[in-house]
Amino acid sequence: MVYSIVMVISMMGAYLIITTKELTVLRQFIALEIRAKINLQIIAVIDGHDGMGQLISHFAMEKAIEKAKKTGVGFVSVRNSNHFGIAGYYAEMASKQGLLGMACTNSEAIMVPTFGRKAMLGSNPIAVAMPAEPYPFLFDCSTTVVTRGKLEMYNKSGKQLPEGWALGADGHESTDAPAVLANIVGKKGGGIM
């Protein structure tokens, strides 16, 4: 399962970065028995125990698919989890089973609203996938111009951000990735457009 997620992420041109803390949590999480805290006929709520979002979300979508195949619909919510990666991966899991799949999550405030100067909204990714001919349909987006992960990639490579991606603490456009990321983390103003 983890190899599958890492493979899809690398094929989509993104990076999976696992910190030492996450690796420790991953080892602990694998030892845990993942189960739903609430498990009814069409819904389930899963407590992620602050584990790795990709593993928890994969389990959650498998549970939703199982419920949908039995009843026609399956809704699974996850709490106490972490970053789950590419939303489209989970929606596509359902599509490959002949179902309509949807995956979404919330995120910390990293987006500056129109005419704002401070990050107040999350990027809140949403993905929908369904079987179709001649090709399956997959829609995967976030509510920001660009993801935080892209800013981090530009930061690590020492590149300037393209114009129109981010605002500095003063509320004006910024191409300085390290400063924008520091402002987001420090809640000093600015963020992603």
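The values are calculated or read from the model by the stated rules, or taken from the named source; none is laboratory data. What you see is a predicted model; the values in this text were computed from it and never measured. No Cβ is skipped: glycine too gets one built from the backbone with ideal geometry, and neighbour counts run over all protein chains shown. Ligands, DNA and RNA are excluded from the accessible area calculation, which covers all protein heavy atoms including side chains. Shrake-Rupley method; radii C 1.70, N 1.55, O 1.52, S 1.80 Å.
Numbers for the structure displayed
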quantity	calculated
Qualifying residue in region 92-106 (condition: surrounded by fewer than 20 Cβ atoms within 10 Å (Cβ to Cβ) and within 30 Å of His172 (Cβ to Cβ))	yes
Yes/no for Arg35 being open to solvent by 20 Å² or more (accessible area, probe 1.4 Å) and either at pLDDT 60 or above or aliphatic (A, V, I, L, M) (or both)	yes
Pro113, sole failed condition from (1) over 22 Å from His58 (Cα atoms); (2) in contact (Cβ under 8 Å) with a residue 12 or more places away in the chain	(2)
Check on Lys150, under 19 Å from the mean Cα position of the chain (by Cα) and either free of Cβ contacts under 8 Å to residues at least 12 places away in the same chain or surrounded by 13 or more Cβ atoms within 10 Å (Cβ to Cβ) (or both)	yes
Leading residue by the ranking (farthest from Leu181 (Cα to Cα)) among those in region 110-127 that are open to solvent by less than 40 Å² (accessible area, probe 1.4 Å) and under 13 Å from the mean Cα position of the chain (by Cα)	Ala127
Region 61-98, subset closer than 17 Å to Ser123 by Cα and aliphatic (A, V, I, L, M), residue modelled with the lowest pLDDT	Ile86
Filter pass, Ser77 being among the small types (Gly, Ala, Ser) and either open to solvent by less than 30 Å² (accessible area, probe 1.4 Å) or over 11 Å from the mean Cα position of the chain (by Cα) (or both)	yes
Test set (1) modelled with pLDDT of 90 or more; (2) of a type in the set (A, V, I, L, M); (3) assigned to a helix (DSSP H, G or I) - Val45 fails condition number	(3)
Residue under evaluation Asp140, criteria (1) farther than 24 Å from Thr71 by Cα; (2) part of a loop (DSSP other than H, G, I, E, B); (3) in contact (Cβ under 8 Å) with a residue 24 or more places away in the chain, criterion not met	(2)
Residue identified as over 27 Å from Ala166 (Cβ atoms) and not in a loop (DSSP other than H, G, I, E, B) among Ala91, Ala132, Ala103	Ala91
In region 135-147, the residues that are under 16 Å from Trp165 (Cβ atoms) and either open to solvent by less than 80 Å² (accessible area, probe 1.4 Å) or among the polar types (S, T, N, Q) (or both)	Cys141, Ser142, Thr143, Thr144, Val146, Thr147
Selection status of Lys159, among the basic types (Lys, Arg), open to solvent by 60 Å² or more (accessible area, probe 1.4 Å) and closer than 29 Å to Asp47 by Cβ	no
Scope region 158-180; condition within 22 Å of the chain's Cα centre (by Cα), in a helix (DSSP H, G or I) and of a type in the set (Gly, Ala, Ser); matching residues	Ala177
